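Undergrad: The structure is given below, and queries will be raised subsequently.
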């Protein structure tokens, strides 16, 4: 196995100023295209990269389950990864990015719903929209997530052990893994940033699923002058608390339609510290009761607004479940 030791090319002070900016090709001296372990000069693991380790059938199942949702449910709530310099979500760029699994904060609209119902906000611990609306599709993502978990345990055992110990203390996770949450991005060129909200003792990972041909989109660590060409079926374990971002993706194709059809899905599995802290050692019965309470409130808000809408139209209200309001099972 090839092992490299690297030094910082850019000072910490300078990197702080480069946060929220685009990765520039001039910042990258080396692109990695082969299996390698890379350490910093002081011996800290920066990344481990392995080519073609993920099974096609698991990747296909993941793509089939999540791609349509991720492409249609665009979000402006990705902060510095989009180069945003403001906390006003409305002014942020919309990107194809979704989160599945469990999260430790309510979105603005969920808070609005609770306020409209005049109820106290439940503990900030919830399913993501994808997980609530598409439970069967959520389960179809498990084989790939578990495959990533197995490689994580094998390749970065020390970090995995610490993270998995925490994962065993919560039921808000992908069963049998060290992950509570998965971020899925499509054609998302992230700006220079460091990850926040994940387990600081754990280690980040990145898998890619491709549709069509392209060049670029390397995952880069500009402070060290390194880029990694993560492609279909590859797995990259990386220190996500180091500054990182992507070079531009350049779709190939003779026509605009062909280029528009090119897709690069990136998948990051992690343990959210907030999810773990808020749910650690709570029984499974709490999870079921808590999620059912949130679903019931969502149904209540939906019926309230539907009743008001129909009243304006002079129509009769009939109770009905909106998709995703079916209760959790024990």
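Undergrad: Any idea which of 196, 161 is assigned to a loop (DSSP other than H, G, I, E, B), free of Cβ contacts under 8 Å to residues at least 12 places away in the same chain and not assigned by TED's automatic domain parsing to the domain that holds residue 290?
TA: 196
Undergrad: Now, a different point. I'm trying to understand the selection: among the residues of segment 137-160, which are out of contact with any helix residue (DSSP H, G or I) (no Cβ under 8 Å at 6 or more places or on another chain), over 24 Å from residue 290 (Cβ atoms) and surrounded by fewer than 18 Cβ atoms within 10 Å (Cβ to Cβ)?
TA: Correct list: 146, 150, 154, 157, 158.
Undergrad: Scan segment 1-18 for residues that are in a loop (DSSP other than H, G, I, E, B) and either at pLDDT below 95 or in contact with a strand residue (DSSP E or B) (Cβ under 6 Å, 6 or more places away or on another chain) (or both) and jot them down.
TA: Passing the criteria: only 1.
Undergrad: Report yes if residue 43 is within 24 Å of the chain's Cα centre (by Cα), assigned to a loop (DSSP other than H, G, I, E, B) and either in contact (Cβ under 8 Å) with a residue 60 or more places away in the chain or assigned by TED's automatic domain parsing to the domain that holds residue 143 (or both), otherwise no.
TA: no
Undergrad: Same structure again: Exactly one condition in (1) touching a helix residue (DSSP H, G or I) at 6+ places or on another chain (Cβ under 8 Å); (2) more than 23 Å from residue 95 (Cα to Cα); (3) buried (at least 17 other Cβ atoms within 10 Å of the Cβ) is not met by residue 66; state its number.
TA: For residue 66, the failing item is (2).
Undergrad: Taking only segment 94-109 into account, find how many residues are under 18 Å from residue 74 (Cβ atoms) and touching a residue at least 40 places away in the same chain (Cβ under 8 Å).
TA: Of the residues in that region, 7 qualify.
Undergrad: Scan segment 94-136 for residues that are loosely packed, with under 14 Cβ neighbours inside 10 Å and over 24 Å from residue 304 (Cβ atoms) and jot them down.
TA: 94, 136
Undergrad: Is it true that residue 289 is in a helix (DSSP H, G or I) and in the same structural domain as residue 231 (by TED's automatic domain parsing)?
TA: Judged against the criteria, residue 289 is not a match.
Undergrad: Tell me which residues, restricted to segment 246-265, are in contact with a helix residue (DSSP H, G or I) (Cβ under 8 Å, 6 or more places away or on another chain) and surrounded by 13 or more Cβ atoms within 10 Å (Cβ to Cβ).
TA: Those that are in contact with a helix residue (DSSP H, G or I) (Cβ under 8 Å, 6 or more places away or on another chain) and surrounded by 13 or more Cβ atoms within 10 Å (Cβ to Cβ): 247, 251, 253, 263, 265.
Undergrad: Which one of these is modelled with pLDDT of 95 or more and either loosely packed, with under 14 Cβ neighbours inside 10 Å or in contact with a helix residue (DSSP H, G or I) (Cβ under 8 Å, 6 or more places away or on another chain) (or both): 90, 59, 73?
TA: Sole residue among the options that is modelled with pLDDT of 95 or more and either loosely packed, with under 14 Cβ neighbours inside 10 Å or in contact with a helix residue (DSSP H, G or I) (Cβ under 8 Å, 6 or more places away or on another chain) (or both): 59.
Undergrad: On the basis of being within 15 Å of residue 23 (Cβ to Cβ) and out of contact with any strand residue (DSSP E or B) (no Cβ under 6 Å at 6 or more places or on another chain), does residue 243 make the cut?
TA: Against the criterion (within 15 Å of residue 23 (Cβ to Cβ) and out of contact with any strand residue (DSSP E or B) (no Cβ under 6 Å at 6 or more places or on another chain)), residue 243 qualifies.
The values are calculated or read from the model by the stated rules, or taken from the named source; none is laboratory data. Keep in mind the model is a prediction, meaning the values are calculated, not measured. FYI the Cβ positions are ideal-geometry reconstructions off the backbone, even for glycines, and counts take in every protein chain you see.
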